[in-house]
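Quick notes on the structure that follows.
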Amino acid sequence: MAIKITNYFNKDILNISLPLITGEILAAKDSEIIVQNETSSGDFTLWPVMNGKFKVLVKLQSGENKIKFQHKNVSSVLNLSYRPLNFKRFVRLIYIKCIDDDGTFQAPLGENNSIDSACKRLSLAAQMLQSFTYDKLKEHRLNAKTFCLEEENDEVLCHVFTSSLTLKEVYILNEEQLWSHFAVELMNSKLRVGNSCKFLAFLSFTRYNNNSNVPPRNHREVLSKTKGQVALGGGGLALFGSGCLHTWPETLQEVPWRFGDKRKIDRMNLMDDSANRGWYWACYSTGLGAALHELGHTFDLGHTTGGIMGRGFDDIHKYFIVDMFYHDHIFQKEHNPYYQQSSIQTYTVPFCVTSSSWDPTSSENSLPTYKEKDLALHIEKSIKNDICNNEVPWRVPNPPDNSSEDKLAVHVGGAYWTRSSALILYFHKWFNDTDSQNEASILLEGTLLSSSFGIKVVEFRDHEGTSIDHLEYLETDGKKLVDLTEFTALKNVSSNCKEISFIAEDSVGNIIKAKLDFENVSL
């Protein structure tokens, strides 16, 4: 019997603080493995071994790390070096509370819902999303890259921001108005660092209130009973509600059993945002994936028919666990404080993606500065879509309406980046420490695109902002001049719609977004 690490080599150098390490234990049955970073003297964590395979998250400190894996009487050591990203552009984590509120989030009795607990949950989640992105770009035969998080002493910072609004004021605002207001308020706060940071923000005051005598039948009814719920992203702000934050782990030790938490959501008292699956673990997976989806919009990603930028984000748990039988593994029986034996058979059901998004039209990557304005003016500006230099946030695609109790949506698309999304991220300024001297405009003259730095990717989108195809030029210097009419697939698209948009990015992350009007373009 031996422990074999399958995705990293000894003395590998990483730019993420919480890597997912996969491995095998030859001839091992279902059991558990003990993992500890002996360099940092951190607490050990227990993880399930399923059919001889395991996936574990390990917290690294800056510099060298000695990771010990223990399975019964067999042990193995992996040495990894962590070099934190030191980009000038980074993602700043924010927890927003109202001026007249204590900042607690909605949670069942017995669950810690303090500000401190919220920040711990969000910091851990941000590291997990950073690692997911780092790994998933490699699936496209690209070098590992990811976004930079704000760290201090090897810990991801989470800033608590007290809004000028009261609870009464925020609860009269809809999603778009909340996003618009907090975009303005954050960008006028001391938390702004010029145009160098994007905000991944969560609202503490999301509240589900079911006054009826029956549980909601679908996601629309859930939202109708929820105040302060947002899932929007674009420009410099990804904004999300905290209705299911109580299902997220606070510590690394909680992660294995949180992904196996088969408690059913009490929909009479708690928000169910699980893509109609109904479990605590599913709410966690959907929320974690949706946060990455909205953050992806701030990196100029549009919607896709599959993957993270579609509804594949519901499936993000599959990246972190070994297989679908995870929830009933012996590990859950021994370590999950809320373990429940499965009582119903799960099925795979068809999944329908419906999009009600807008298409951002600005090529700006950050939010502008606004002068102080009263609440009424903020609302008026949001209606006019005048926030962020005409950059408007994207709404997350809706889950399917499925009220069946015995057929749960356990497979909803897959957790991955589509090819065009991966390429946009790979060359994006927030994924590279780009020199400001390289900042320039991509020129568009008719249907000709040009960049002195070489164009790397062009993605075409339909009128709803969903990707329909792309061009890629991965040769060393990219392509200096691109004629969009050479893309033969446009002829097929033009027969179905009068107008599509596109986004183009060059080798140093310069971006242009524009629309093609087929009535004035000869193909």
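Where a number appears in this text, it was derived from the coordinates with a stated rule and is not lab data. Every value quoted in this text rests on a predicted model; they were computed, and no experiment measured them. Here the Cβ positions follow ideal geometry from the backbone for every residue, glycine too, while neighbour counts run over all protein chains shown.
Projecting label points 7 angstrom from Cα along Cα→Cβ for Ser62 and Gln253 puts them 2.7 nm apart. Note on region 1-63: with charges restricted to the Cβ of Lys and Arg (+1) and Asp and Glu (-1), its dipole about the Cα centre is near 160 debye. Per-residue Karplus couplings for region 140-154, computed as 6.51 cos²θ - 1.76 cosθ + 1.60 with θ equal to phi - 60°, are listed in order as 9, 6, 10, 5, 5, 9, 7, 7, 8, 9, 7, 10, 9, 6, 6 Hz, Gly and Pro entered as x. A simple packing score, the average count of other Cβ atoms within 10 Å per residue, orders the peptides 93-104, 296-307, 207-218 as 296-307, 93-104, 207-218, with the highest score first. Between Arg141 and Ser31, residue separation times 0.36 nm minus the direct Cα-Cα distance comes to 36.3 nm.
The distance between label points at Arg263 and Glu464 comes to 3.6 nm (points 7 Å beyond Cα on the Cα→Cβ vector).
Could you tell me which of rounded, prolate or oblate describes region 44-157, using a ≥ b ≥ c as the square roots of the eigenvalues of the alpha-carbon gyration tensor, with rounded for a/c under 1.5 and, failing that, prolate when a/b is larger than b/c and oblate otherwise? Display every interim value, and only then the final one.
Numbers: a/c = 2.09, a/b = 1.36, b/c = 1.53.
In terms of gyration-tensor shape, oblate.
A Förster radius of 56 Å, combined with the Cβ-Cβ distance separating Glu38 from Leu444, puts the computed FRET efficiency at roughly 0.50.
Note on region 138-184: Cα-Cα pairs beyond 18 Å make up 59% of the total pair count. A DSSP coil position with no more than 13 other Cβ atoms inside 10 Å describes the following trypsin sites (Lys or Arg not before Pro) in region 24-67: Lys29.
For each pair in Lys120/Lys145; Lys136/Lys198; Lys145/Lys264, compute the distance between the two Cα atoms and list the pairs where it is over 32 Å.
On the way: Lys120/Lys145 24 Å; Lys136/Lys198 21 Å; Lys145/Lys264 37 Å.
Pairs exceeding the cut-off: Lys145/Lys264.
Measuring max minus min along each principal axis, the C-alpha atoms of region 31-81 give extents of 33, 19, 17 Å (largest first).
Residue separation times 0.36 nm, minus the C-alpha to C-alpha distance between Phe9 and Asp116: what's the value?
Working: separation 107, 0.36 × 107 = 38.52 nm, distance 3.60 nm.
Residue separation times 0.36 nm, minus the Cα-Cα distance, leaves 34.9 nm.
Pairs of Lys residues in region 21-100 that lie 8 or more places apart, or on two chains, and have C-alpha atoms under 18 angstrom apart add up to 9.
Taking 0.36 nm per residue of separation and subtracting the Cα-Cα distance, full extension of the segment from Gln70 to Ala514 would add 154.4 nm.
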